[in-house]
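Chemist: Questions regarding the structure given below will be posed in turn.
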Amino acid sequence: MLMQSRPMKEAKVLSERIDRNGTKHQVILTNCDRCGGAGAHEMWRHTGGTCYKCAGSGRMEAKRKIYTPEHEEKLRKLREKRQQKRIEKIKGEAKEKNKELLKEWGYDQENIYIVLGETYPIREELKKADAFWGGRTLGWFFAENPEDYDTAEIKTSELVWYNTLGSVNKKNPEEYREYVESVKRELEYQSQHVGTVGEKIELEFCVLNAFWIETQFGSSCINKLSDEQGNIFIWKTGKNLEHDADENGIIKLKGTIKEHSEYKGELQTVLTRCRVK
């Protein structure tokens with residue numbers, strides 16, 4: 001191994017001058033900062049092993065400054081002042097960027113207005129009305145209070161956070177889910193179980209959505225419906241009721257109540273043996 005262990009030597013002052021602040025400007029002889037004072041290493045064996053920076057001596061000339069405590073304190077304050085100016089500049093730029101982002105997200109007002117009820121059937125209508133889609137937790141919302149929809153007022157301050165430099169960021173939906181749901185619960189009608197198991201009913205329903213699933217018996221379509229009061233009904237069948245509903249998403253069914261169930265806290269009345277009237 002070409003690298004030899006050498007005792008660390010103290011820096012030797014070769015020259016020195018002192019300026020008006022009392023700072024010592026020195027040229028020193030110190031351990032090489034490439035080889036650490038060893039002068040050689042086996043990793044350089046293809047070029048002879050010798051450190052090219054110190055030519056194998058393990059020592060090199062360098063410059064250093066030694067400040068007086070008073071001048072060091074003055075420099076520290078200047079560094080802090082420059083750093084503070086940089087931070088203020090970044091924060092100022094962040095304010096302008098924040099305005100753009102908040103407007104893009106629909107959060108540029110103190111409050112937003114989330115649309116209550118089942119919005120899936122009217123999603124295209126909401127798009128045309130310039131509503132924003134806020135994901136599953138917020139759903140569809142408006143930046144300003146609309147006249148044509150039932151809404152819940154949500155504080156935008158609950159939906160965002162700011163870093164130490166003032167840049168705005170969206171919160172994770174899990175962080176504000178409970179807040180949004182509590183506001184909704186105060187205003188929205190909560191679905192209830194309807195009728196008794198085995199009872200035959202005939203009602204008009206709004207088709208909220210429908211989706212297909214695969215079972216061991218083949219494909220089945222789960223149709224989610226609601227009555228005029230907002231109670232939720234489920235009918236699993238071989239057809240998508242969205243195709244049978246009228247232009248307003250309304251369909252009339254006659255069927256039997258199979259069971260009362262609950263899904264994610266929502267009470268649902270499950271239907272069976274239904275006929276489209």
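The values are calculated or read from the model by the stated rules, or taken from the named source; none is laboratory data. It should be emphasised that the depicted structure is a prediction, and the values quoted were computed from it without experimental measurement. When we count neighbours, we look across all protein chains shown, and the Cβ atoms used for this are built from the backbone with ideal geometry, even at glycine. To get the accessible areas, we keep the full protein, side chains included, count just its heavy atoms, and leave off ligands, DNA and RNA. Shrake-Rupley method; radii C 1.70, N 1.55, O 1.52, S 1.80 Å.
Chemist: Scan the stretch 236-258 and report the pairs whose first residue is open to solvent by less than 70 Å² (accessible area, probe 1.4 Å) and whose second residue is assigned to a helix (DSSP H, G or I), with Cβ atoms within less than 6 Å and a gap of 6+ or a chain change.
Modeler: Partner pairs satisfying both residue conditions: GLY249/PRO121; ILE251/LEU241.
Chemist: Cβ-Cβ distance below 7 Å, separation of 6 or more or different chains: which pairs start in the stretch 199-228 with a residue that is without any contact (Cβ under 8 Å) to a residue 12 or more places away in the chain and end on one that is surrounded by 10 or more Cβ atoms within 10 Å (Cβ to Cβ) and among the small types (Gly, Ala, Ser)?
Modeler: ILE213/SER220
Chemist: Further question on the same structure: Which one of these does SER157 not meet: (1) touching a strand residue (DSSP E or B) at 6+ places or on another chain (Cβ under 8 Å); (2) under 25 Å from ILE90 (Cα atoms); (3) of a type outside the set (Lys, Arg)?
Modeler: (1)
Chemist: Taking the conditions exactly as written (open to solvent by 60 Å² or more (accessible area, probe 1.4 Å), under 25 Å from the mean Cα position of the chain (by Cα) and touching a residue at least 12 places away in the same chain (Cβ under 8 Å)), does ARG185 satisfy them or not?
Modeler: no
Chemist: A further question on this structure: Could you please find all residues in the stretch 173-182 being open to solvent by less than 50 Å² (accessible area, probe 1.4 Å) and touching a residue at least 24 places away in the same chain (Cβ under 8 Å)?
Modeler: Kept after step one, since they are open to solvent by less than 50 Å² (accessible area, probe 1.4 Å), are these residues of the stretch 173-182: 176, 180, 182.
Result: TYR176, VAL180.
Chemist: Among the candidates SER226, SER261, SER220, single out the residue that is at pLDDT 95 or above, small (Gly, Ala, Ser), within 36 Å of the chain's Cα centre (by Cα) and open to solvent by less than 40 Å² (accessible area, probe 1.4 Å). Show your work before the answer.
Modeler: Working: SER226 fails: at pLDDT 95 or above; SER220 fails: at pLDDT 95 or above.
Going through SER226, SER261, SER220 in turn, the sole match is SER261.
Chemist: ILE122 - would you say it is touching a strand residue (DSSP E or B) at 6+ places or on another chain (Cβ under 9 Å), of a type outside the set (Asp, Glu), surrounded by 15 or more Cβ atoms within 10 Å (Cβ to Cβ) and closer than 14 Å to GLU144 by Cβ? Walk me through how you get there before you give the answer.
Modeler: Details: touching a strand residue (DSSP E or B) at 6+ places or on another chain (Cβ under 9 Å): yes; of a type outside the set (Asp, Glu): yes; surrounded by 15 or more Cβ atoms within 10 Å (Cβ to Cβ): yes; closer than 14 Å to GLU144 by Cβ: no.
So ILE122 fails the test.
Chemist: Any idea which of LYS65, LYS74 is under 49 Å from the mean Cα position of the chain (by Cα) and part of a helix (DSSP H, G or I)? Please lay out each step first, then the result.
Modeler: Numbers: LYS65 fails: part of a helix (DSSP H, G or I).
Checking each option against the conditions leaves just LYS74.
Chemist: Can you work out which of the residues in the stretch 238-277 that are outside any strand (DSSP E or B) and either among the aliphatic types (A, V, I, L, M) or touching a Cys at 6+ places or on another chain (Cβ under 9 Å) (or both) is nearest to ASP227 (Cα to Cα)? Write out each step before concluding.
Modeler: First, the residues of the stretch 238-277 that are outside any strand (DSSP E or B): 238-249, 264-265, 277.
Filter again for either among the aliphatic types (A, V, I, L, M) or touching a Cys at 6+ places or on another chain (Cβ under 9 Å) (or both), leaving 238-241, 245, 248-249.
Working: GLY238: 21, LYS239: 19, ASN240: 18, LEU241: 15, ALA245: 14, ASN248: 14, GLY249: 12 Å.
Looking at the filtered set, the residue picked out is GLY249.
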